[in-house]
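Note sheet for the following structure.
The values are calculated or read from the model by the stated rules, or taken from the named source; none is laboratory data. Quantities reported herein were computed from a predicted structural model and do not represent experimental measurements. Virtual Cβ from ideal backbone geometry, glycine too; neighbours counted across all protein chains shown.
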Amino acid sequence: MLKYLLSLCISTFLLAGAAFAEPIQTGEPFPDITLTGNQTSAQQSYLGLSGNGPWNLTDIKADYVVVEIFSMYCPHCQAEAPLVNELFTALKKSKSAASIKLIGVGVGNSNFEINFFRKKFQVELPLFDDLDFKIHAETGDPGTPHFFLVKLNGNNKPQTALSFAGRMENPTQFLKTLQDAAK
Amino acid sequence: MYKHIRIYSAVTALLLCVCITPAMAKVPAELVYQPGKLNPVDSVLKVAVGKMAPDFALPSVSGKKIQLSSFRGKKNVVISFVPAAFTPICSDQWPGYNIAQELFEQNDAILLGITADNTPTQYAWTKQMSEGGVWFPVLSDFWPHGKVAQLYGILRPEGVTERAIFIIDKKGIIRYIDVHDINTRPDLGSIIRALQSVK
């Protein structure tokens, strides 16, 4: 019996290890991810985008972009949604409104699921879909939610100014963290 | 007893392989076991669209026994079988349904979630999804093990169910079946569109 319990524990430990990848860290290059998903004219205008996409991250007209990696299916992201809405409002009213933009990427989520999440939580910030987990893989398989503050560097290679795992929980404080990281 | 421990150890290990998706932390790559992709479907379906859904009665987390035929003439029924509790893909499926109650209700449907786990396990698992648990009945097909899954032809050899969706209309007829690749989650949009066509 002990033998089998031991093998179960070892299997669990090793397989749990398989769950752990390395999300892109602060200071590392960030991929110029491709963004897809329907956006309203207000959302396009906010990001300085036009047309129906797909767009690249570097098409966004800003110095920095906050990319929230989330999923409609993730309970933490569901709980966090109203706070992300607050962050979006606070950011738009702040001195960083023009320089820092906020978007969400729904990993493993279809356009239907993104639209449902948007409606359910009255999300106004631009949300993009990532049904095939491409962006998720490009960003190092982060857990959800995960926030990246990306410095766009004009047309040069984007850089990760902040990599933040988990819920931010306090929008006011998190906005300050973002602003400090963007200095 | 050893036989049972062996079986459940193997099933647990297998499910971790199936369901775990990368998350966050550092483990040297050489220590990470790579199980590879599992056989997407490993059972032979015994039911078909257009046929009557086999009836069943199973215990639920609430303590009540739920019988499929009790919804006849009253509600469409969406059944979501998932392989096992406490596994990431499975754990990332029902929390999505848990915020989408209105999508089912708009189509005059009830959702039934079924796994081959026992009720205490399901209770602890669904409490993790939301403080109050989930809005839909969660049924245990634990004992006789996987009897209902076997009846529908979706019990895999390792004793877990396929990741499958069945839509049954108010007459008790199966209108939609998706025995999904166990490695991926079905799109909620496909389920709701299928449900709308039943309504």
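With the checklist (1) surrounded by fewer than 16 Cβ atoms within 10 Å (Cβ to Cβ); (2) touching a residue at least 24 places away in the same chain (Cβ under 8 Å); (3) aliphatic (A, V, I, L, M) in hand, flag the one item residue B:148 doesn't pass.
Unmet for residue B:148, out of (1) surrounded by fewer than 16 Cβ atoms within 10 Å (Cβ to Cβ); (2) touching a residue at least 24 places away in the same chain (Cβ under 8 Å); (3) aliphatic (A, V, I, L, M): (1).
So, in the stretch A:92-118, of the ones that are over 18 Å from residue B:190 (Cβ atoms) and out of contact with any strand residue (DSSP E or B) (no Cβ under 9 Å at 6 or more places or on another chain), which residue ends up nearest to the other protein chains (Cβ to nearest Cβ)?
A:93
What are the pairs, 6+ residues apart or on separate chains, where a residue within the stretch B:51-73 that is under 18 Å from residue B:135 (Cβ atoms) and at pLDDT 95 or above has its Cβ under 8 Å from a residue that is part of a loop (DSSP other than H, G, I, E, B) and of a type in the set (Gly, Ala, Ser)?
B:61/B:133
Tally time: how many residues in the stretch B:98-110 are in contact with a Leu (Cβ under 6 Å, 6 or more places away or on another chain) and either in a helix (DSSP H, G or I) or within 12 Å of chain A (Cβ to nearest Cβ) (or both)?
Matching residues across the stretch B:98-110 total 1.
What do you reckon, is residue A:83 surrounded by fewer than 22 Cβ atoms within 10 Å (Cβ to Cβ), under 15 Å from the mean Cα position of the chain (by Cα) and part of a loop (DSSP other than H, G, I, E, B)?
no
Of a type in the set (Val, Ile, Thr), assigned to a helix (DSSP H, G or I) and under 12 Å from the mean Cα position of the chain (by Cα): does that describe residue B:148?
Judged against the criteria, residue B:148 is a match.
Of the residues B:114, B:174, B:182, only one is β-branched (Val, Ile, Thr) and either surrounded by fewer than 21 Cβ atoms within 10 Å (Cβ to Cβ) or out of contact with any strand residue (DSSP E or B) (no Cβ under 6 Å at 6 or more places or on another chain) (or both); which?
When all the criteria are applied, what remains is B:174.
Of all strands (runs of 3 or more DSSP E) completely enclosed by the stretch A:102-183, which ones contain at least 3 residues that are more than 17 Å from residue A:43 (Cβ to Cβ) and modelled with pLDDT of 95 or more?
Those strands (runs of 3 or more DSSP E) span A:146-151, A:159-165.
Taking the stretch A:35-59 as the region of interest, how many residues are assigned to a loop (DSSP other than H, G, I, E, B) and under 15 Å from the mean Cα position of the chain (by Cα)?
Qualifying residue count, the stretch A:35-59: 1.
Suppose we filter A:44, A:122 for residues that are more than 30 Å from residue B:87 (Cβ to Cβ) and within 14 Å of chain B (Cβ to nearest Cβ); which single one remains?
A:122
Just to be sure I understand the filter: pairs with C-beta atoms under 6 Å, separated by 6 or more residues or on different chains, first member in the stretch B:114-125 and under 19 Å from residue B:78 (Cβ atoms), second member of a type in the set (Phe, Trp, Tyr) and surrounded by fewer than 18 Cβ atoms within 10 Å (Cβ to Cβ). Which pairs pass?
Filtered contacts from the stretch B:114-125: no entries.
For the stretch B:14-28, indicate whether the set of residues that are outside any loop (DSSP other than H, G, I, E, B), over 30 Å from residue A:163 (Cα atoms) and either away from chain A (no Cβ under 14 Å) or at pLDDT below 95 (or both) is non-empty.
yes
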